[in-house]
1. Given R₀ = 35 Å, FRET efficiency for B:ASP55-B:LYS112 by Cβ-Cβ distance, to 0.05?
2. Excluding A:TYR35 itself, what net charge comes from residues whose Cβ is under 10 Å from its Cβ, given Lys and Arg +1 and Asp and Glu -1?
3. Net charge within 10 Å of A:ASN84 by Cβ-Cβ distance, Lys/Arg positive one each and Asp/Glu negative one each, not counting A:ASN84 itself?
4. Name the residue from A:LEU43, A:ASN100, A:GLN85 whose Cα lies farthest towards the positive end of the charge dipole of region A:35-115, charges +1 on Cβ of Lys and Arg and -1 on Cβ of Asp and Glu.
5. Describe numerically, in nm with one decimal, the distance between label points set 7 Å from Cα along Cα→Cβ at B:SER10 and at A:THR13.
6. In region A:20-89, what trypsin sites (Lys or Arg not before Pro) fall in a loop by DSSP, with at most 13 other Cβ atoms inside 10 Å?
7. Students often get this wrong, so check it: of B:LYS37/B:LYS71; A:LYS18/A:LYS69; B:LYS68/B:LYS100; B:LYS5/B:LYS68; B:LYS5/B:LYS37, which have C-alpha atoms separated by over 18 Å?
8. For region A:78-115 and region B:56-113, write down the distance between their C-alpha centroids in whole Å.
Amino acid sequence: EAQVTQNPRYLITVTGKKLTVTCSQNMNHEYMSWYRQDPGLGLRQIYYSMNVEVTDKGDVPEGYKVSRKEKRNFPLILESPSPNQTSLYFCASRTSWVANTGELFFGEGSRLTVL
Amino acid sequence: DQQVKQNSPSLSVQEGRISILNCDYTNSMFDYFLWYKKYPAEGPTFLISISSIKDKNEDGRFTVFLNKSAKHLSLHIVPSQPGDSAVYFCAASGDTNAGKSTFGDGTTLTVKP
């Protein structure tokens, strides 16, 4: 089954404790992206990757890191989480980095709480 | 500066009637638009898209209209069904910055039986 898998789905952590949210897709997609969803703010893009070893900032990259060493994986790293990073996170992928070639496929989301 | 806006946070319609969800954008470089639907505790799923070379795209009960001069698009659902109750996001992107996708805040649609 074609899917985007995120882990963990739920996490409660404390300020400053490094964490990684993993994202994996099995569709051989070139493009992957991370979003956060906050009440009243829709989906805001954190980072994206057009292909292996090619990443770039979205609209809200502060406090996050990413890497794309393999095509299927795009982990989101919070080196020193803070309470304002409490949010619902979505990973997504698309066949090609070209914008008008199709839709994004989303994971089920990871709800992160930073105390 | 919010480049994609959905000005109605919520919409309630009766089953069988038409639902119209609106989206406005400010960036004239956007040339590809998509609508996504999101149920609680799930990720968004793709619904329908439209390229700027078209002004209408239809898929079953769902039609998207694009008015480039007004920088406005709308999603029509006819007839509306209770299972359509969800949050709907409008998204836009452009080839000049192909990696970026900009989403609206979402509209919560409730279809009453």
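1. Numbers: r = 31 Å, r/R0 = 0.88.
Step by step, r from the Cβ atoms, then E = 0.70.
2. +1
3. Here the charged neighbours net out to -2.
4. After comparing all options, I get A:ASN100.
5. Calculated label separation equals 3.4 nm.
6. Passing both the DSSP loop test and the Cβ count: A:LYS69.
7. Pairs exceeding 18 Å: B:LYS37/B:LYS71; A:LYS18/A:LYS69; B:LYS68/B:LYS100.
8. Between the Cα centres of region A:78-115 and region B:56-113 lies a distance of 20 Å.
The values are calculated or read from the model by the stated rules, or taken from the named source; none is laboratory data. Predicted, not measured: the structure shown is a model, and the values here were computed from it. We place every Cβ from the backbone using ideal geometry, glycine too, and count neighbours over all the protein chains shown. Just so you know, the surface numbers come from the protein's heavy atoms only, side chains and all, with ligands and any DNA or RNA stripped out. Shrake-Rupley method; radii C 1.70, N 1.55, O 1.52, S 1.80 Å.
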